[in-house]
Amino acid sequence: MRAVVQRVDGASVVVDGAVVGEILGEGLCVLVGVTHEDTEAKAAQLARKLWSLRILDEEKSCSDVGAPLLVISQFTLYGDARKGRRPTWNAAAPGPVAEPLVDEVVSQLRALGAEVATGRFGADMKVSLTNNGPFTVLLEV
């Protein structure tokens, strides 16, 4: 499981002209990619890491300050463009595998006490955010 994590000062997702997920103020915008070998255990591990990652102001975590997270599925995180001019998506898990695991990350975060907004799996999403720093990290579990 792979995640691109951005420290933000607000973020939102729009689908078909309507906001489907939004966080206000300091928090994290998290793009989550799933590959074939990923499991519910890896989803739980990623959720714990996201909740406790100390990248907010003053080296605080979302769990320290109650900061919200916006979690968005992103199969393109497993794109491979090393050969040719067109990426392949072979390493990305198909929707029926990936969607429940992204949902599990969200469920685990909520079980930890996080406020979590989401995008819509498989939709054409317009993501807007204010990257604070900028501060972006790549996580793999």
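Note on segment 15-27: among residues that are of a type in the set (Asp, Glu) and in a strand (DSSP E or B), the one that is nearest to TYR78 (Cα to Cα) is GLU22. Within segment 36-58, the set of residues being β-branched (Val, Ile, Thr) and over 15 Å from LEU138 (Cα atoms) comprises just one member, THR39. Looking across segment 107-126, the residues that are touching a Leu at 6+ places or on another chain (Cβ under 9 Å) and of a type in the set (S, T, N, Q) come down to GLN108, THR118. Which ones in segment 28-41 are outside any strand (DSSP E or B) and either of a type outside the set (A, V, I, L, M) or crowded, with 24+ Cβ neighbours inside 10 Å (or both)? Selection gives VAL34, HIS36, GLU37, ASP38, THR39, GLU40. Only a single item in (1) out of contact with any helix residue (DSSP H, G or I) (no Cβ under 7 Å at 6 or more places or on another chain); (2) part of a loop (DSSP other than H, G, I, E, B); (3) at pLDDT 95 or above is not met by PHE121, and it is number (1). If we scan segment 93-105, do we find a residue that is in contact with a His (Cβ under 9 Å, 6 or more places away or on another chain), open to solvent by 40 Å² or more (accessible area, probe 1.4 Å) and assigned to a loop (DSSP other than H, G, I, E, B)? Looking for residues that are in contact with a His (Cβ under 9 Å, 6 or more places away or on another chain), open to solvent by 40 Å² or more (accessible area, probe 1.4 Å) and assigned to a loop (DSSP other than H, G, I, E, B), one finds at least one in segment 93-105, hence yes. The residues in segment 81-119 that are within 23 Å of CYS62 (Cα to Cα) and of a type in the set (A, V, I, L, M) can be counted, and the count is 10.
Within segment 42-80, being buried (at least 17 other Cβ atoms within 10 Å of the Cβ), in a strand (DSSP E or B) and of a type outside the set (S, T, N, Q) holds for LEU56, LEU69, LEU70, VAL71, ILE72.
The values are calculated or read from the model by the stated rules, or taken from the named source; none is laboratory data. Since we're looking at a predicted model, the values are computed, not measured. Don't worry about glycine lacking a Cβ; one is built from the backbone with ideal geometry, like all the others, and counts go over all protein chains shown. What goes into the accessible areas is simple: the full protein's heavy atoms, side chains included, and nothing from ligands, DNA or RNA. Shrake-Rupley method; radii C 1.70, N 1.55, O 1.52, S 1.80 Å.
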